[in-house]
């Protein structure tokens, strides 16, 4: 079964009506992984026997007339930065591949499992999720199903690759600077970083990137993602920042009505955008305008690039996690780029951290100034083109880390932001997307816009057949 051919709602309905069993869905996913993952490397751990047992248990409950939840029978992959019971959480790091398996699920995984999901295994991620592409020493590089010479992005690249290839219908991701949105762009998925706190970061382990971290489900379409969010959001007392409100029925509120207005900001006032990316995004915005959306072009949203302030949070989080290893044999096993972040963080002081919190306030205030004109801001999803397996992303042919400039600042302001695919690069055959930013805690506004934009743009491309690759 190619899971791109079926909505999650449709699959759940068929499972509950006993037209197809949870076991059959699980076997289809496992068969897909066996056929395709040798060339893609989306999964870094799998337990087929346990997955079948989980599915059989769900089928027995259905036979007994029990309601097994909003996601009955849906097989999922779990990003290898969070715990899934019975699997080692390696963080993509040689330092943790021999750890004991997790004894409990993370809050997100537990909620998905309690709503009827079957956990297949873990999806690949860069070491501790430290970059926007997916490779690591223990498991190697994950390849983009759209073009195997390219990365699927990161750090939720394993989940993205598994979804856009049709192997699975749902997976988990996390986003500290774009790690759900970037691989969603490069996979042709509609993905969202919800407002911080929608899905709790609680439990025994603090969030990896501190104040920046957002966890969430990933799927191919906005409707699928909204259903998974309905099943998984809500407060938890172990997350002091979590937001109230479980099962808000967001899926049922996706009417398809277009927003009346939206701001289009091609550079946000501080970045350079790849010419092809900009051309494709501008055509998409024009199609929205033709469909009836009043587009307000606004060159400047922010008066500076947030990356320097964001880097203080990021580097300090890296340092607090691994600075104790500096000078040891184990430290040399860490990815060189991650070591650079650790060493940067060790040199930063409390005043710098406090100044970065001030920057969050400033950037949030500037967003609010724009929201007075319209409740939605549209930007390119990325500034540049996808990175190859070796190398960085590119803007106008030049490799640069600035190819992802538009995602990090939104983690600082904590606003919801989603991406929707709008075209495919002629040079890489990798999707290009727009990003939609909403006001504070206006997640539903963003989801509604994403869903309605999907209908107008009608992105129908798919990753090519990879079985023979």
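Provide 96, 451 in ascending order of the number of other Cβ atoms located within 10 Å of each residue's Cβ, fewest first. Mind dumping the intermediate values first?
On the way: 96 15, 451 25.
Fewest-to-most ranking of 96, 451: 96, 451.
Please list 109-115, 413-419, 333-339, 380-386 highest first by mean number of surrounding beta-carbon atoms within 10 Å per residue.
Details: 109-115: 20.7, 413-419: 26.0, 333-339: 16.6, 380-386: 28.0.
For the peptides 109-115, 413-419, 333-339, 380-386, the packing ranking is 380-386, 413-419, 109-115, 333-339.
Roughly what would the spin-label model give for residue 361 and residue 460, points 7 Å off Cα along C-beta, in nm?
If labels sit at residue 361 and residue 460, their model points lie 5.2 nm apart.
Normalised by the residues of the chain, what does the relative contact order come to in percent, with Cα pairs under 8 Å and at least six apart? Before the final figure, lay out the partial values.
Working: 1108 pairs, mean separation 75.9, N = 469.
It rounds to 16 percent for the chain.
Going by the alpha-carbon gyration tensor, a ≥ b ≥ c the square roots of its eigenvalues, is the range 328-439 rounded (a/c under 1.5) or, if a/c is not under 1.5, prolate (a/b greater than b/c) versus oblate? Let's see the in-between values first.
Values: a/c = 2.88, a/b = 1.10, b/c = 2.61.
It is oblate, given that a/c is not under 1.5 and a/b is not larger than b/c.
To make sure I understand, if each residue's beta carbon is the centre and we count other beta carbons within 10 Å, what order do 329, 361 fall in, fewest to most?
Working: 329 7, 361 11.
Lowest to highest Cβ neighbour count: 329, 361.
Highest mean first, what order results for 276-282, 60-66, 177-183, 21-27 on Cβ atoms within 10 Å?
Those peptides, ordered most packed to least, come out 177-183, 21-27, 276-282, 60-66.
Please label the shape of the range 201-348 as rounded, prolate or oblate, based on the square roots a ≥ b ≥ c of the eigenvalues of the alpha-carbon gyration tensor (a/c under 1.5 means rounded; beyond that, a/b larger than b/c means prolate, else oblate).
oblate
Tell me the Kirkwood radius of the range 78-221: reciprocal of the mean inverse pair distance over distinct alpha-carbon atoms, in Å. Show your work: numbers first, answer last.
Working: mean 1/r = 0.0679 Å⁻¹.
One decimal place: 14.7 Å for the Kirkwood radius.
Based only on other Cβ atoms within 10 Å, what is the fewest-to-most ordering of 194, 394?
Numbers: 194 27, 394 19.
Least to most surrounded, the residues fall as 394, 194.
If packing is taken as the mean number of other Cβ atoms within 10 Å per residue, what is the order of 145-152, 310-317, 432-439, highest first? Numbers along the way, then the final one.
On the way: 145-152: 24.2, 310-317: 22.4, 432-439: 26.8.
The densest-packed peptide leads the list: 432-439, 145-152, 310-317.
Treat each spin label as a single point 7 Å out from the Cα along the C-beta direction, and report the residue 368 to residue 320 distance in nm.
So the two model labels end up 2.6 nm from each other.
Report the full-extension gain for the segment residue 100 to residue 389: residue separation times 0.36 nm, less the Cα-Cα distance, to one decimal in nm.
Values: separation 289, 0.36 × 289 = 104.04 nm, distance 3.05 nm.
Separation in residues times 0.36 nm, less the Cα-Cα distance, equals 101.0 nm.
222 nm [θ] for the chain, helices only, -39500 (n - 2.57) per DSSP H run of 4+, per residue, to 500? Please report the intermediate quantities before stating the final value.
Numbers: 13 runs with 163 residues, N = 469.
Rounded to the nearest 500, it is -11000 deg cm²/dmol.
Once you have a ≥ b ≥ c as the square roots of the Cα gyration tensor eigenvalues for the range 324-381, tell me rounded if a/c is under 1.5, and otherwise prolate or oblate according to whether a/b is larger than b/c. Mind dumping the intermediate values first?
Numbers: a/c = 6.58, a/b = 2.25, b/c = 2.93.
Oblate, since a/c reaches 1.5 and b/c is not below a/b.
Bear in mind that the values in this text are calculations on the coordinates, not laboratory data. Remember, predicted model here, so these are calculated numbers, not experimental data. Using ideal geometry, Cβ is built from the backbone for each residue, glycine included, and neighbour counts are taken over all protein chains shown.
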